[in-house]
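The values are calculated or read from the model by the stated rules, or taken from the named source; none is laboratory data. Remember, it's a predicted structure, so these values are computed and weren't measured experimentally. Backbone-built Cβ (ideal geometry, glycine too); neighbour counts: all protein chains shown. In case anyone asks, the SASA skips ligands and DNA or RNA and just uses the protein heavy atoms, side chains included. Shrake-Rupley method; radii C 1.70, N 1.55, O 1.52, S 1.80 Å.
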Amino acid sequence: AQTVTQSQPEMSVQEAETVTLSCTYDTSENNYYLFWYKQPPSRQMILVIRQEAYKQQNATENRFSVNFQKAAKSFSLKISDSQLGDTAMYFCAFMMRGAGGSYIPTFGRGTSLIVHP
Amino acid sequence: DTAVSQTPKYLVTQMGNDKSIKCEQNLGHDTMYWYKQDSKKFLKIMFSYNNKELIINETVPNRFSPKSPDKAHLNLHINSLELGDSAVYFCASSQDRAKDGYTFGSGTRLTVV
């Protein structure tokens, strides 16, 4: 079974600074997808960024970027110019095609990020 | 308009009752899901339907029964509610088996007393 580890239960950062959230995963597969989701206090789960394992180029979405190290099985999220609205739980997720063709995701336990003014 | 809407947002009920949570998506996605998030925020998939066909059925008590009348709706019915069923339940939808990620509803906080 695949596992996803987020080793930082909590992190904090000052507004306008940069913060990096770590995520590692364990798989023997070569083709898979990785995601970061954000869950603010409103409870809504929001997709932040996705990465396809066969693409070497790191995904970027505005202030959010990833450092995808396939050999090391690492998928960290960097948030630049942190804003108060970035305060949320961040979940790393791994997805691959399973038996029968279904994609079953595995989520990490989450990292709680607090952005201080 | 909300892309994935689920109702109710909050549900408080007594042990032993039967309850349902409804979910609708207007994105035209072909796959819908139910997730459970426990008190420690751990998120786990329960069910998935693709074009009204059940494709994922994780280890979930058979008191939980999903029903998909059409590909835009996926409801969750829970029989004989137990204290341990208290959690936040998320509906989600995706296109193409979620390779592009999910769109989640806002969640239903179920409290069993």
Kindly report, to the nearest 10 Å², the accessible surface of B:Asp30 as traced by a 1.4 Å probe over protein heavy atoms only. 30 Å²
The rounded separation in angstrom of the Cα centers of region B:32-54 and region A:1-78 is 21 Å
Out of B:Asn50, B:Asn75, B:Asn26, any idea which swings most in a Gaussian network model of chain B, alpha carbons joined below 10 Å? B:Asn26
So if I average 1/r over every pair of distinct C-alpha atoms in the protein assembly as shown and take the inverse, what Kirkwood radius in Å does that give? 18.3 Å
Quote the relative contact order of chain B in percent (integer), defining contacts as alpha-carbon pairs under 8 Å separated by 6+ residues. 37 percent
Pairwise burial B:A, computed as accessible area of each alone minus the pair, summed, 1.4 Å, Å²: 2000 Å²
For A:Arg63, what accessible area in Å² do you get when you roll a 1.4 Å probe over the heavy atoms of the protein chains, rounding to the nearest 10? 50 Å²
Given a Förster radius of 22 Å and the C-beta distance between A:Tyr54 and A:Gln2 as r, what FRET efficiency does 1/(1 + (r/R0)^6) yield to the nearest 0.05? 0.85
Neighbourhood net charge (15 Å Cβ-Cβ; Lys/Arg +1, Asp/Glu -1) for B:Lys19: +3
Residue among B:Phe64, B:Phe90, B:Phe42 with the largest mean-square fluctuation in a Gaussian network model of chain B, springs linking Cα atoms under 10 Å: B:Phe42
I'd like the mean, over residues of B:28-39, of how many other protein chain beta carbons sit within 10 Å of each residue's own Cβ. 1
What figure in square angstrom, to the nearest 10, would you give for the accessible area of A:Glu17 with a 1.4 Å probe? 100 Å²
What does the net charge come to around A:Asp26 if you take all other residues with beta carbon closer than 15 Å to its beta carbon, with K and R at +1 and D and E at -1? +2
Leaving out ligands, DNA and RNA, and with a 1.4 Å probe, what % of the accessible surface on chain A is carbon or sulfur? 46 percent
Which of B:Thr13, A:Thr20, A:Thr87 is most accessible, then next, and so on - probe 1.4 Å: A:Thr20, A:Thr87, B:Thr13
Can you tell me the accessible area per residue over the protein assembly as shown, all protein chains present, probe 1.4 angstrom, in square angstrom? 48 Å²
Report in % the part of the accessible area of chain B that belongs to carbon and sulfur, leaving out ligands and nucleic acids; probe 1.4 Å. 47 percent
